[in-house]
Amino acid sequence: MEAIKRKDDTRLALMFIAPALVGFLIFMVWPTLRGIYLSFTKFNLLTPPEFNGLDNYVRMVQDPVFWNALKVTIYYVVINIVVQTVLALGIAVMMQRLTRRTWLRGIVLTPYLVSNVVAALIFLWILDYQLGIGNRVIELIGLDRVAFLADGAWVIPTVALINVWRHVGYTALLIFAGLQTIPETLYEAGRTDGASELTMFRRITLPLLRPILALVLIITVVGSFQVFDTVAVTTRGGPVDSSRVLQYYIYDMAFGRFQFGYASAMSVALLVVLIVITFLQYRLTRAEQSDLA
Amino acid sequence: MATTTTQPVAVPAVVVAEKPPKPGFNFGRALAWFFMILVILASIFPFYWMLRTALSSNNALYAGSDSLLPVDASWGGFERVFGLQTGQEAIDAGGAGQPINFWHYLANSVIVSTLVTAGQVFFSAMAAYAFARLQWRHREKVFAFFLAGLMIPAIFTLLPNFVLIKQLGLIDTLLGISLPTMLMTPFAVFFLRQFFLGISREVEEAALVEGASKVRVFFQLIMPMSAAPLATLGILTYITSWNDYFWPLMVSYTDRSRVLTVALGVFKSQTPQTGPDWSGLMAATLVAALPMLVLFLFFAKRIVNSIGFSGIK
C-alpha cells in the first residue's frame, strides 16, 4: 500500500495535465500578459503593435467619454446590485420560511437559463414605446408612456432591471443555500421566546448570513461590471452616450475604430477596478467571519 | 468487499427539509405568499409574452397590442425565421425579407456548445485527477497557479484572445469560437478536484493492488463513480456556452460560424422600414431559448441543487 502511495507519478501527471495546462497557458496566462503589453502600444491589428509608452493611459485620463463610461457603468452596477440583492434576499428568505420545494426554486431560476440577448430582446418588446404591453399597462393605470430604452434618463435603470430579471433567481438560490447553514434550532428558540419573523430576520438571519452575502456580492459585483450583451443588443450605447458602459466603449474602440492599444489600456483599467473591489470585499468578508467565529 | 463500504457520492448539495415550519394562518404569511406569487408571475410572464407574440401575425400586433392571446394566430414568424417564406411574402407579412435560416445557426450553436462541453469537462477531469490523486513535484504550486486564473475576469482575455485566434487563422470558424474554453476553465478543474478528493481511497487502492494502472483506475473507476458531478458540470457548461454572446460576436463574421445569440442580434438589426418584425423576432428568440428551457425541464432538480457554495470556494 505504502509503496503505491509513495510512487512518483510525474510522467503520468504531466500527461493528464497537459491539455488543461496548454489551454491555461495559451488562452489565459498569455492573453493576460499580452493584454497588459498591448495597452502600452499603438495597434490597429493590421500592422504589428508599436510601443508608445504611456500614451494610451494619458489619453484615457483626458478622455471625457471614458470617464462618462466609467460613471455610467458604476451607476448601472449600483442599481443592478442593490435591487438584485434586496430582492434575492427577500425571495430566499420567503422560500426558506414558506416552502422549500424544488419546483418553486426551478421557476425562480428559469430566467437565468436564457441568454442575456434573449432577455434583452423580450424586454425590448415588452417595453416598446408604441406596442409594448408594459407601456399599455402604464397607460391603463393613467400614466404617460415611457420610452424606457430611448430616453437618456431611463435607459440605465431599465438595462439594470432587465439584468436583475435574469439574475435575481440565481442570486436568490445562492443566498438560499447559505440560509440552509443556519441551524433550525435558532429559529425554534426564537419562536419559543415569542420573537416575530421580522425580529428573527434581523437578529438571526442577517448576522449569520453576512459572510455569505459578502461572498455573493463579490461574485455579482464583478459580473455586473462586465455588462455588455444587453447594451449591445438594445441601445448600442445610446441615446448619445447615456448607456455607453465601459465594456461597450472598449468593444467599440477595438472593433469599430480598430484602436486595439487604447482598448487594451481601458481593459487594464477595468481589470484594476475589479481587482480593487474584489480585494476590498474579500477583506470585509474575512473581517466578518472572524467576528462570528 | 471493498465496494460495499463506499457510499454513493453525490455533489455536496443543499440538504433541504421538505416540511417547512407550519404555524396557522396569519397576515404576514399571506403577504409573503402574495410577494412570492408576484415573483413567480414576473419570472414566467415574459416567456408567455414571447410565445404569444411569436404565434401572432406581425401586422395584427398593432391593432391587438393588449390582447392576452395570440393576435390573428399564425406560424408566419417561425416561417420567416426558418427561411420558409419568399422575400416578398416575408415583406408583406412585416418581415425584413432578407434570407435567414435559423436551422443553420441552431446547428452552429449545437456544435460549439458540444465541443466546448465535451472538451472542457474531459480535459478538466484529467487535470483534476492529477491534482487530486497523482503524486508529483510542485503539484500544489501548479494548482495554486491554476486557481489564480479564477481571479482573471474572462472579459479581460477576450481582446488578446481575439488577436491570437486571428493569428491562428481561425477567425470565423466554429473551432475558433470553441477553442479558448475547450481545454479547461479554472472553475471546472477546481470543481472536479474537490469532488475527486472526496472519493474514498480504498476502492482505488484495491484496484491498484490488483495490478490496474492509474490510467485504468481513472477511466474505469473514477469517471463512472463521478457520473453525477460530471453531468452537473457538463449541463452548466453547455448552458453557459450556449448563452455566450460577446466572444462569438467578436469571432464570427459571416453565416458560416454564426451562432444563435449572434444571429438574434443580426435579426434584430435588420428592422424593416415599416417597423420591427416583432413576431419574427420573438419566434427567433423562442428558437434560441427553447433548447435550454427543455434541458432545464429534464434536469431542473440537478441544476437547482448544483447552485450553492460547493463549487465557488
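Structure notes:
- Beta carbons closer than 9 Å, at least 6 apart along the sequence or on distinct chains, pair a first residue in region B:185-205 that is more than 17 Å from B:Ala144 (Cβ to Cβ) and assigned to a helix (DSSP H, G or I) with a second that is polar (S, T, N, Q) and at pLDDT below 85 for B:Phe195/B:Ser310; B:Glu202/B:Thr5; B:Glu202/B:Thr6; B:Val203/B:Thr3; B:Val203/B:Thr5; B:Val203/B:Thr6.
- Test: residue in region B:268-276 that is buried (at least 19 other Cβ atoms within 10 Å of the Cβ) and either touching a Leu at 6+ places or on another chain (Cβ under 8 Å) or outside the structural domain of B:Ala73 (by TED's automatic domain parsing) (or both): yes
- A search for C-beta distances below 6 Å between a residue of region A:21-47 that is surrounded by 15 or more Cβ atoms within 10 Å (Cβ to Cβ) and any residue that is of a type in the set (D, E, K, R) and not in a loop (DSSP other than H, G, I, E, B), counting only pairs 6+ apart in sequence or on different chains, returns A:Thr41/A:Glu50; A:Lys42/A:Glu50.
- Test: residue in region B:290-305 that is small (Gly, Ala, Ser) and facing chain A (nearest Cβ under 7 Å): yes
- Evaluating B:Lys166 against the criteria (1) of a type in the set (D, E, K, R); (2) on the phi > 0 side of the Ramachandran plot; (3) free of Cβ contacts under 8 Å to residues at least 60 places away in the same chain leaves one unmet condition, (2).
- Qualifying residue in region B:282-291 (condition: β-branched (Val, Ile, Thr), assigned by TED's automatic domain parsing to the domain that holds B:Phe123 and either touching a residue at least 12 places away in the same chain (Cβ under 8 Å) or more than 28 Å from B:Ala60 (Cα to Cα) (or both)): no
- Unique match (being part of a helix (DSSP H, G or I), modelled with pLDDT of 95 or more and more than 7 Å from chain B (Cβ to nearest Cβ)) among A:Val72, A:Val93: A:Val72
- Residue match in region B:199-220 (condition: more than 12 Å from chain A (Cβ to nearest Cβ) and under 22 Å from the mean Cα position of the chain (by Cα)): no
- Residue within region B:161-168 that is of a type in the set (D, E, K, R) and not in a loop (DSSP other than H, G, I, E, B) present: yes
- Just one of the listed residues (A:Ala263, A:Ala254, A:Ala269) is more than 10 Å from chain B (Cβ to nearest Cβ) and of a type in the set (A, V, I, L, M), and it is A:Ala269.
- Condition met for A:Thr235 (polar (S, T, N, Q) and modelled with pLDDT under 90): no
- Those residues of region B:147-187 which are facing another protein chain (nearest Cβ under 10 Å) and of a type in the set (Val, Ile, Thr), in sequence order: B:Ile152, B:Ile155, B:Thr157, B:Val163, B:Ile165, B:Thr181, B:Thr185
- Count - residues of region B:256-278 that are out of contact with any Phe, Trp or Tyr (no Cβ under 8 Å at 6 or more places or on another chain) and more than 10 Å from chain A (Cβ to nearest Cβ): 9
- Of all residues in region B:221-254 being within 11 Å of chain A (Cβ to nearest Cβ) and outside any helix (DSSP H, G or I), the one that is modelled with the lowest pLDDT: B:Tyr253
- Apart from one condition, B:Gly119 fits all of (1) surrounded by fewer than 17 Cβ atoms within 10 Å (Cβ to Cβ); (2) within 21 Å of the chain's Cα centre (by Cα); (3) of a type in the set (Gly, Ala, Ser); the exception is (1).
- Listed conditions (1) surrounded by fewer than 18 Cβ atoms within 10 Å (Cβ to Cβ); (2) modelled with pLDDT of 90 or more are all met by B:Ala206, apart from (2).
- Pick from region A:100-141, criterion outside any helix (DSSP H, G or I) and crowded, with 21+ Cβ neighbours inside 10 Å, ranking: farthest from the chain's Cα centre (by Cα): A:Gly132
- Identity of the residue in region A:180-212, over 31 Å from the mean Cα position of the chain (by Cα) and not in a helix (DSSP H, G or I), that ends up nearest to the other protein chains (Cβ to nearest Cβ): A:Ser196
The values are calculated or read from the model by the stated rules, or taken from the named source; none is laboratory data. In this text the structure is predicted, and so the values were computed from the model without any measurement. So basically every Cβ, Gly included, is an ideal-geometry build from the backbone, and we count neighbours across all protein chains shown.
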